[in-house]
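This report concerns only the one structure given below.
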Amino acid sequence: MTDYDFDLYVLGGGSGGVRASRIAATHGARVGVAEERYMGGTCVNVGCIPKKLLAYSAGFGHGFEDAKGYGWDCGVNRFSWPDLIRNKDAEISRLNGVYRRLMDRAGVTIHDSRATLVDAHTVEIADGQRFTADRILIATGGWPFVPDIPGRELAITSNEAFHLPDLPRRVLIAGGGYIAVEFAGIFAGLGAEVTLMHRGTAILTAFDHELGVRLLHEMKTHGIATHLLTVIVKLEKTASGILATCNNGQTYEADCVLFATGRKPMTDGIGLAELGVAMDSEGAVIVDEDDRTNIPHIFAIGDVTNQLNLTPVATAKGQALAERLFAGKDRHVSLENVPTAIFSSPPIATVGISEEQAAERGLSVKIFKESFRPLKHRLSERDQETFMKLIVDNATDRVLGCHMIGDDAAEMMQGFAVAITAGATKAMFNDTIGIHPTSAEEFLTMRTPVAASM
Ligand SMILES: Cc1cc2nc3c(=O)[nH]c(=O)nc-3n(C[C@H](O)[C@H](O)[C@H](O)COP(=O)(O)OP(=O)(O)OC[C@H]3O[C@@H](n4cnc5c(N)ncnc54)[C@H](O)[C@@H]3O)c2cc1C
């Protein structure tokens with residue numbers, strides 16, 4: 001036993017912090033966790049879960065449209081945004097309770113408060129109480145970044161988008177990352193007039209380039225106005241909405257302006273700089289392969305480290321850290337082949353490397369592609385293409401990358417991620433019998449490479 005109040009004190013009750021504290025407590029550690037805002041963090045409250053619920057709602061709109069071609073007369077009388085938000089909030093409250101109960105049962109002490117570091121072994125919560133801990137874990141996540149332009153206070157971020165009182169009629173979204181395109185699909189699917197503006201020449205640049213190109217095409221086809229190389233420089237309130245002025249002099253009026261222009265690690269004002277914890281130029285905590293900062297008993301996981309900002313990565317890191325520290329297990333999380341999805345309309349999912357990454361790494365690869373109108377959309381009036389792509393290593397025949405845009409992409413990609421993590425080769429894909437009739441079987445029938453790099 002040590003003289004400290006806790007064996008581990010965790011700042012932040014989000015995906016990473018909750019998992020780390022619960023697993024550490026399960027292994028007998030005395031654990032305290034401070035959560036200043038909402039139990040479960042971004043994912044549960046203003047991220048993955050409410051976003052997916054809203055995307056489901058938007059998907060029903062498309063479903064009613066598709067159903068016509070299948071003989072259904074779907075006269076939809078009404079969509080109620082307040083009903084959607086109320087039901088979404090009820091589900092989130094349930095999840096908040098689940099997280100809290102899991103931690104209570106494991107014996108974690110919860111402080112519903114902001115916490116700051118007073119010294120390398122002491123934290124202080126909002127009422128002034130101080131607690132000492134043998135080890136400290138920083139799991140404070142990230143926060144949306146809004147550029148400093150005149151009128152920025154008129155804009156919202158993803159945080160507020162989940163709590164709007166009504167569905168805005170005209171939505172202007174700034175950004176070209178996954179959060180921007182997801183909200184574009186959600187608001188458009190629910191019936192709003194959506195304009196997406198992005199400062200770059202392409203969207204979704206963190207992914208295989210063809211996914212962004214094809215999503216942009218789908219968005220345009222389905223009524224979302226898109227403007228590349230366009231930056232909002234000023235926002236002003238008008239009698240009828242918010243007027244956005246852009247770098248090219250164009251103006252656009254909207255009822256809601258949403259900035260999805262990136263997120264910053266939450267490292268300000270919690271005592272890290274004062275203690276000399278090393279951070280990068282973005283303010284992300286720098287950690288080694290053991291999630292250790294430059295102060296050996298202070299650790300950091302999740303979005304605050306800005307490595308791969310996804311919930312399953314934060315939870316896996318939290319689990320592995322707790323097991324290393326308190327269960328004597330040598331567990332580490334690989335950030336190779338982490339599958340991910342974008343719940344845009346249509347959705348995107350991907351695992352492994354992109355064509356651009358293959359080129360950067362100097363790999364000799366074959367590229368297989370397939371683009372088709374899926375069976376479901378044969379009878380529906382909505383024209384929607386599915387696109388699939390495989391990157392195959394010439395030296396080993398291993399499938400290094402698997403990418404898709406189209407219905408059910410996320411559900412499909414999870415299984416392919418197992419295959420790719422296990423080192424599946426293209427020959428194995430070819431030998432696997434497909435499930436017919438599905439879109440997924442097309443991943444197994446691509447026989448002729450469309451391109452190769454030597
Ligand atoms: C709109 C949106 C959609 C997303 N969709 C997906 C998705 O589909 N799939 C996916 O995998 N990921 C998604 N993400 C990313 C995912 O939410 C994050 O990667 C994940 O939540 C990171 O977990 P974390 O534990 O690092 O931080 P968080 O979940 O952000 O938790 C950090 C917690 O720390 C608390 N905190 C901060 N400072 C303090 C302090 N000083 N004292 C006490 N508490 C503090 C915060 O209140 C917060 O609750 C999405 C994110 C957003 C914003």
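The values are calculated or read from the model by the stated rules, or taken from the named source; none is laboratory data. Please read all numbers here as calculations on a predicted model, not as lab measurements. Neighbour counts run over all protein chains shown; Cβ positions are idealised from the backbone, glycine included. Each accessible area value is taken on the protein alone, full model and side chains, heavy atoms only, with ligands, DNA and RNA left out. Shrake-Rupley method; radii C 1.70, N 1.55, O 1.52, S 1.80 Å.
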What about Arg19, is it within 11 Å of the ligand (Cβ to nearest atom), in a helix (DSSP H, G or I), open to solvent by 60 Å² or more (accessible area, probe 1.4 Å) and within 30 Å of His121 (Cβ to Cβ)? yes
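Matching residues to (1) modelled with pLDDT of 95 or more; (2) out of contact with any Cys (no Cβ under 6 Å at 6 or more places or on another chain); (3) surrounded by fewer than 16 Cβ atoms within 10 Å (Cβ to Cβ):
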site: Lys366; (1), (2), (3): yes, yes, no
site: Ser371; (1), (2), (3): yes, yes, yes
site: Lys376; (1), (2), (3): no, yes, no
site: Met388; (1), (2), (3): yes, yes, no
site: Met404; (1), (2), (3): yes, yes, no
site: Phe416; (1), (2), (3): yes, no, no
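Condition check ((1) touching a residue at least 12 places away in the same chain (Cβ under 8 Å); (2) under 30 Å from Met266 (Cα atoms); (3) hydrophobic (A, V, I, L, M, F, W, C)) across all residues:
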{"residue": "Gly32", "(1), (2), (3)": "yes, yes, no"}
{"residue": "Gly40", "(1), (2), (3)": "yes, yes, no"}
{"residue": "Ile49", "(1), (2), (3)": "yes, yes, yes"}
{"residue": "Lys52", "(1), (2), (3)": "yes, yes, no"}
{"residue": "Gly63", "(1), (2), (3)": "no, no, no"}
Kindly indicate the residue of region 76-97 that is out of contact with any helix residue (DSSP H, G or I) (no Cβ under 9 Å at 6 or more places or on another chain) and open to solvent by 30 Å² or more (accessible area, probe 1.4 Å) and also farthest from the ligand (Cβ to nearest atom) among those meeting that condition. Asn77
Under the condition of being among the small types (Gly, Ala, Ser) and closer than 25 Å to Ala55 by Cβ, which residue from region 306-354 is nearest to the ligand (Cβ to nearest atom)? Ala314
Count, please, the residues in region 26-44 that happen to be open to solvent by 10 Å² or more (accessible area, probe 1.4 Å), in contact with a helix residue (DSSP H, G or I) (Cβ under 7 Å, 6 or more places away or on another chain) and near the ligand (Cβ under 7 Å from one of its atoms). 2
Return the residue satisfying two criteria in turn: it lies in region 178-205 and is out of contact with any strand residue (DSSP E or B) (no Cβ under 9 Å at 6 or more places or on another chain), open to solvent by less than 30 Å² (accessible area, probe 1.4 Å) and not in a helix (DSSP H, G or I), and of such residues it is farthest from Val233 (Cα to Cα). Leu190
